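Novice: I have a structure I would like to understand better, so I am pasting it below and will then ask my questions one at a time.
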Amino acid sequence: MFFAINDCTDRIPDRSQMQVFRIRFLAHREVEMRGKQSSQRVQRCFLITGSILLALVLGIFVSCQGLPANVANCPVTPTPPANTSIVPPAKEPPPAALCGFPLTISSPGNSASVHSPVPIVAAANPPDPIYTVRLYVDGAAVLYTPQPTVNQLIWMPNGQHTVEIVAEDTAGYIATTSMQVNVVAQDSGATAIQDRQNWVSCSALIAGSTCAAGQGVAKSTLSLNQAAPSLDGSAAKFSLAGDHPYSNELYWTPLGGGNNVSHFSYDLWFYIDNGNAPQSLEFDVNQAFGGTRWTWGTQCDFDQTHHWDIWDPLHEIWVPTSVPCNHFPSNTWIHLVWNLERVGNQVHYIDVSVADQTYNVDTYYTAQPNWFQEEIDIAFQMDGNYKQEPYDVWLDEVNLFTN
C-alpha cells in the first residue's frame with residue numbers, strides 16, 4: 001500500500017491526508033493481527049512497511065528543500081506553454097508575476113536621464129529554460145527575445161517612461177521587473193552596426209522554415225573588426241562559398257525595439273573582392289510591434305532582373321523597380337543609402353542612393369500581419385551564382401538612422 005507523488009509541485013501531503021492514511025494503516029494492521037498464528041511475521045511486515053513510508057515522506061521533504069525558492073514556495077502550479085515552438089502574441093498590459101525567478105535590469109539605473117535609443121541590459125535566471133522575454137514601454141510590447149538576456153537599444157520619445165521586462169520560462173513561471181527613465185534627447189539611431197557582437201545567420205532553412213532560400217546549404221563565415229580593407233579601421237568581413245550552386249546565407253543583427261520611430265535610413269558602405277561572383281546582394285530593415293511586421297527588403301539582382309528589387313511583405317514576393325543594378329567593380333568601396341518609412345500598415349520605399357547617385361522609388365506595400373516577435377533589426381544576405389563562386393564582402397560604417 002503506497003501513494004504516488006509526481007514531484008514537489010504536486011504538493012506535500014497535508015496533515016489531514018496523513019491522518020487518513022494513518023487510520024487506514026492502523027485498521028489494516030488490526031485486521032491482520034486477528035489472523036492465524038502469524039502475528040509476529042505480520043508485525044515484522046508492518047514494521048518494514050512503516051519504515052518505507054517514513055523514508056518516502058522524508059525523501060519528499062528533502063527533495064523539496066533542493067528546489068528553487070520560487071518553485072518550492074509557489075502556492076499554485078503554473079500552466080506551462082502548450083507549444084514552446086510558437087511565439088504567442090504579447091499580452092498588453094504586461095502580465096503579473098507568477099512565483100517569479102530572479103530578473104534584474106543592470107543598466108540604466110532607475111530614474112536615469114537618458115538619450116534614445118536607450119541601451120538596456122537585463123538578465124533573467126529561471127529554473128527552467130526561458131520561453132519568452134519581452135520588454136514593454138508604457139505598457140506596450142516593443143521587444144521580444146527567446147534569450148534570457150537583453151542587451152539592446154530601445155527607442156522612446158522624449159519624456160518620462162515606464163520600462164518593464166516580463167520573462168516566462170517553459171514551466172510557466174513568470175518574473176517581472178520595472179524601472180522609470182527620463183528621455184531627454186534623441187540620438188541619430190544605431191551606428192557602427194558592423195561591429196556588433198550579436199550577428200546571427202542561416203542558410204536555406206531555419207527551424208524547418210525558409211530562411212535564405214536557394215538550392216543548397218552555403219558555407220559562410222563572418223569576421224569582425226577587420227582593419228583592412230576598411231574605411232574606419234573596423235569592417236566586418238562576410239564570406240560565401242559552398243558545394244551547391246545558388247546557395248545563400250542571410251545575416252541579421254537584432255538592434256532592439258520601439259514603436260515611436262517610423263523613418264529609417266539604412267546607410268552603409270560595401271566592398272566586394274570579386275564583383276562578378278554574387279548572384280545578388282540583399283539589404284533589409286525590419287520593424288515589428290502590435291502584431292505587425294514592416295519589412296523593407298531590397299536586393300541588387302545582378303543576373304536576373306539587372307535591377308534593384310523590393311520586397312512585397314504581404315504577398316512575400318520580390319518586385320523589380322526601374323532602378324538599374326549591374327555587377328559592381330571589384331575591390332572598390334560602394335556607398336549605399338536606402339530611405340524608408342512606415343505609414344500606417346504600409347511600408348514605403350522612398351528612394352535609394354547607389355555610389356552617390358539617387359533614384360526615386362516611391363512605392364508602397366501592405367505590411368505583414370500576425371507577426372508577434374517585436375523587434376527592430378537590419379539584415380544582409382549574400383547569394384551564390386550558378387557556379388557558387390566564392391567571394392567576400394566587407395561592410396563598414398553601417399548605420400540605421402531613425403526619426
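What follows draws every value from the coordinates through simple rules; no lab data is involved. None of the values given here were measured: they were computed from a predicted structure.
Novice: Mind listing P(r) for the range 189-402? All alpha-carbon pairs, 10 Å bins, whole percents.
Specialist: With a bin width of 10 Å, the distribution comes to 8, 36, 40, 15, 0.
Novice: Consider just the alpha-carbon atoms of the range 104-253 and return their Rg together with their Dmax, both in angstrom.
Specialist: 18.9, 55
Novice: Related question: What residues qualify as long-range amide H neighbours of residue 189, i.e. H under 5 Å apart, gap of 5 or more or another chain, H built at 1.01 Å from N?
Specialist: 402
Novice: Further question: Please label the shape of the range 188-278 as rounded, prolate or oblate, based on the square roots a ≥ b ≥ c of the eigenvalues of the alpha-carbon gyration tensor (a/c under 1.5 means rounded; beyond that, a/b larger than b/c means prolate, else oblate).
Specialist: Note, shape of the range 188-278 comes out oblate.
Novice: Further, regarding this structure: Take every Cα pair under 8 Å in the range 103-186 that's 6+ residues apart, average their separations, divide by the length, and report that relative contact order as a whole percent.
Specialist: RCO, the range 103-186: 37 percent.
Novice: Would you kindly derive the ³J(HN,Hα) couplings of the range 189-198 from the backbone phi angles with the Karplus curve 6.51 cos²θ - 1.76 cosθ + 1.60 (θ = phi - 60°), listing them in order in whole Hz, with x for Gly and Pro?
Specialist: x, 9, 10, 6, 5, 4, 8, 5, 8, 9
Novice: Here's a follow-up. Calculate one ³J(HN,Hα) per residue across the range 388-399 by plugging θ = phi - 60° into the Karplus curve 6.51 cos²θ - 1.76 cosθ + 1.60, and present them in order as whole Hz with x for glycine and proline.
Specialist: Listing the rounded values in order: 6, 4, x, 7, 10, 10, 9, 10, 8, 6, 8, 9 Hz.
Novice: Moving on to the next point. Between the range 372-389 and the range 201-262, how many Å separate their Cα centres?
Specialist: One Cα centre to the other: 5 Å.
Novice: What is the range 103-186 by shape, rounded, prolate or oblate, if you read a ≥ b ≥ c off the alpha carbon gyration tensor as root eigenvalues and call it rounded for a/c under 1.5, prolate for a/b larger than b/c, and oblate otherwise?
Specialist: Note, shape of the range 103-186 comes out prolate.
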